[in-house]
1. Looking only at the stretch 52-75, which residues are within 16 Å of the chain's Cα centre (by Cα), surrounded by 13 or more Cβ atoms within 10 Å (Cβ to Cβ) and under 16 Å from Tyr112 (Cα atoms)?
2. Restricting to the stretch 54-68, and then to whatever is without any contact (Cβ under 8 Å) to a residue 24 or more places away in the chain and either in a loop (DSSP other than H, G, I, E, B) or small (Gly, Ala, Ser) (or both), can you tell me which residue is nearest to Pro5 (Cα to Cα)?
3. Checking the conditions here, which among Ile22, Ile95, Ile84 is touching a Phe, Trp or Tyr at 6+ places or on another chain (Cβ under 8 Å) and not charged (D, E, K, R)?
4. Residues being surrounded by fewer than 19 Cβ atoms within 10 Å (Cβ to Cβ) and at pLDDT 80 or above: count how many of those fall in the stretch 84-105.
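The values are calculated or read from the model by the stated rules, or taken from the named source; none is laboratory data. The structure presented is a predicted model; accordingly, all values stated were derived computationally and were not measured. Backbone-built Cβ (ideal geometry, glycine too); neighbour counts: all protein chains shown.
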Amino acid sequence: MEALPTVSELDAMSENELLFHIGRETIGGAAVPQSIGTLVKRGQEVLGQLEPQLKALLCDPDGPKAFLSGLSSEALHTAVVAVIAGTAGLGLTQIAICYVAAVLVRRGLELYCGVPGKAAVAPTAD
């Protein structure tokens, strides 16, 4: 069983690396090895598919986002993992949840949740 990545390991990865790992964790035992580009795209698709559920979990004004401001990156990451995992993980493995949380924390919950006056952050090419 693969060990969960640490927050410092996640922080050292580019967004495309995080998306690659999300794609790898969610591709579902493909018989044919997948290219890096395919797995990055899969990671983007997974985040897009989960966006309504993730926003419902994290972005409600009275929900977790209201209590997460001011936390360190590590504490924020841990809190986001706990919120996602607390909902049976949205069908994700524990490792995939760590990578999803890392992307959301990196993008910033305020931007991800669409705080008025701020645009949502689109994935960047690394």
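1. Gln53, Leu54, Lys55, Leu57, Leu58, Cys59, Pro64, Lys65, Leu68, Ser73, listed by residue number.
2. Let us first name the residues in the stretch 54-68 that are without any contact (Cβ under 8 Å) to a residue 24 or more places away in the chain, namely 56, 60-64, 66-67.
From what's left, either in a loop (DSSP other than H, G, I, E, B) or small (Gly, Ala, Ser) (or both): 56, 60-64, 66.
Values: Ala56: 26, Asp60: 28, Pro61: 30, Asp62: 30, Gly63: 26, Pro64: 23, Ala66: 26 Å.
Only one residue fits best here, namely Pro64.
3. Step by step, each of Ile22, Ile95, Ile84 is checked, and only Ile22 is touching a Phe, Trp or Tyr at 6+ places or on another chain (Cβ under 8 Å) and not charged (D, E, K, R).
4. Of the residues in the stretch 84-105, the ones surrounded by fewer than 19 Cβ atoms within 10 Å (Cβ to Cβ) are 85-91, 93-95.
From what is left, the residues that are at pLDDT 80 or above are 85-86, 90-91, 93-95.
So the count comes out to 7.
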